[in-house]
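Some notes on the structure that comes next.
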Amino acid sequence: MKEEYKLYATCPLNTEELLLAEINNLGGTMGKIVPSGVSFNGDLEVVYKVSLLSRIAGKLFLELKEFELTDQKDIYNEAKAIEWDTHFNLEDTFATSAAVVKSRIKNSKYASLLVKDGIADYFTEKYGSRPNVDPKRPSVKVHLHVSKNSARLSLDLSGDSLHKRGYRKGNAQAALKENVAAALLYRAAWPEMAKENLNFVDPMCGSGTILIEAAFIATNTPAGYYRFYYGFQGWKSHNIDLWDEIFDDAESKIVEYSGVIRGFDIDSDAISQATENVREAGFSKLIHVEKSELSEFKVVESMTHKTGLICVNPPYGIRLGEVGELKKTYIELGELFLDLLPGWKLSVISGNEELSKVIPLKIDRKNVLFNGAIKCRVSHFSLDSDKVKTIAPLSSGGEAFKNRLIKRRKHLGKWARRQDISSYRVYDADLPDYNVAIDIYEDKWVTVAEYQAPKDIEDHIVAKRLNEILRVVPEVLDIEPERVFLKVRKRQKGVSQYSKSGNTKEFHIIKESGAMFYVNFKDYLDTGIFLDHRPIRKRINSESKDK
Ligand SMILES: C[S@@+](CC[C@H](N)C(=O)[O-])C[C@H]1O[C@@H](n2cnc3c(N)ncnc32)[C@H](O)[C@@H]1O
């Protein structure tokens, strides 16, 4: 029977769902999302498939042992107790590493040294000598992960992180990691578009990461096609025949793609790097890159037969350029491509929300990805003329409401983060003319509950203010308009206030103080939870603990 392993793959923050879908597709079982990764089960075939084919995974670990950590000696003892000679031989080399989070054990280097000693002593006691350490390219890498009091010892089956595809020479400035670029393309629905041989453009391509990932996906080329080294190669259970079989099978599934992939950049160094990377990745015939300023973008004949995707990672003023200057560039992105490539899709990843919002198009949908530690918004647009934002200026009252909401959000947002609260009232009729209560749920949904206006205010004025409120709320709170729910809260008597207004049975989960609550935004006037009852829920929670 094939041996089943307990595996764990890391991934960039907020791409866990994408990784889980890939792992399920590649035959992994019992997949479970854990922070920045997925734990799952699988045999050697699954190990090889994930290593070669996952576009999202970073590291891949084989879990050897999980244990409770009471003392640092436990690390040495637990490491020594593993049957290491089932994984590698005396003549092989090894290296150890450790990552320590929120633990009494502060020094990861020392923790790694304890693992090394445990392994060395295991061999010495059994064989009278021990394998050598090779920190650079060992036969096997052993990794210790400590979080609070629990520790996990694993074999690092990936060796170098899997986002390193093997084609890139040197480091490019402000380049996206390959697995973040792949996640961006998944979110932009590029795999589906590529199947139809649609076109692809990155007008600020830098070193070409997005272009190359787009070509990998379009041609179904395995993510690890150009990698020569994996951590599992020196592992005793490595089966070269099976690996070759899986590699050959994946290679036979590479397909022709007949669309156009083109990249541009203002910077000659970036273009040289992109050209070299494209060549190393074997896509010189497919990807064309050239030096060009965004405003000089020219549509070539080959782009006009079909629509496609413009996917771009413009500078966002953290690493390169400055925010004020960049606003022009972001506005241009929307205007220029709407004009030149109508019918195409546009996806923009930016670490600056303010800049993303100046693109003068109505957004189709958005996601969050992380470029290293930088939280980035990915905005997806359709380049259709009816998607242009036409904005009448707000009235002076509307402006005052907007400013008030911005201030409240900033102030309460900080408070909520400190208290670990994700659902709260952000505005409660602070300005009497803008007479609503606004509640945020998990930063994903918003309810706007309208209080009944005094009788002396004319209906059209009430309607105009409400319109302004509904325009300002999604923008300031950064929530898609369809996730903003309006509740008209007239005074009601008896049970009528609890009566039903819809029957969608759409429930969402919100979290508070370790408990989960179902809420429903559509079917009732109330959502099912009163956010101002938080203290009493907290009290019930603490008083009922362990009872
Ligand atoms: C964040 S980098 C893109 C990095 C790229 N995604 C990668 O992985 O290498 C932004 C790129 O935009 C280019 N750029 C900035 N302003 C531009 C403009 N007006 N026209 C064309 N390219 C521009 C910069 O030279 C830079 O290479």
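Summary table
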item: Label-to-label distance, nm, for residues given as Ile331 and Glu251 (7 Å Cα→Cβ offset); result: 5.3 nm
item: Antiparallel bridge percentage (DSSP; both residues within the chain; nearest 5); result: 65 percent
item: The range 5-156, Cα convex hull volume normalised per residue, Å³; result: 110 Å³
item: Portion, in percent, of the accessible area of the range 396-543 that falls on carbon or sulfur, probe 1.4 Å; result: 52 percent
item: Exposure rank, largest accessible area first [Met30, Met193; 1.4 Å]; result: Met30, Met193
item: Per residue accessible area in Å² of the chain, where ligands, DNA and RNA are left out and the probe is 1.4 Å; result: 51 Å²
item: Hydrodynamic radius (Kirkwood) for the range 396-547, which is based on Cα pairs only, to one decimal in Å; result: 16.7 Å
item: Contour excess over end-to-end distance, with Cα ends at Ser258 and Asp546 and 0.36 nm allotted per residue; result: 97.4 nm
item: Accessible-area composition of the range 5-156, carbon plus sulfur, in percent [1.4 Å probe]; result: 50 percent
item: Per-pair calculated FRET efficiency, R0 = 56 Å: Ser396 and Lys32 via Cβ, rounded to 0.05; result: 0.60
item: GluC sites (Glu not before Pro) restricted to DSSP loop in the range 441-473 with at most 16 other C-beta within 10 Å; result: Glu442, Glu458
item: Spacing of the two label points (7 Å from each Cα toward its C-beta) at Arg404 and Glu125, in nm; result: 7.2 nm
item: Radius ratio Rg over Rh of the chain, counting only Cα atoms, Kirkwood formula for Rh; result: 1.03
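The values are calculated or read from the model by the stated rules, or taken from the named source; none is laboratory data. Note that the structure is predicted; figures quoted are calculated from it, not measured. Backbone-built Cβ (ideal geometry, glycine too); neighbour counts: all protein chains shown. All accessible areas refer to the heavy atoms of the entire protein, side chains included, with ligands and DNA or RNA removed. Shrake-Rupley method; radii C 1.70, N 1.55, O 1.52, S 1.80 Å.
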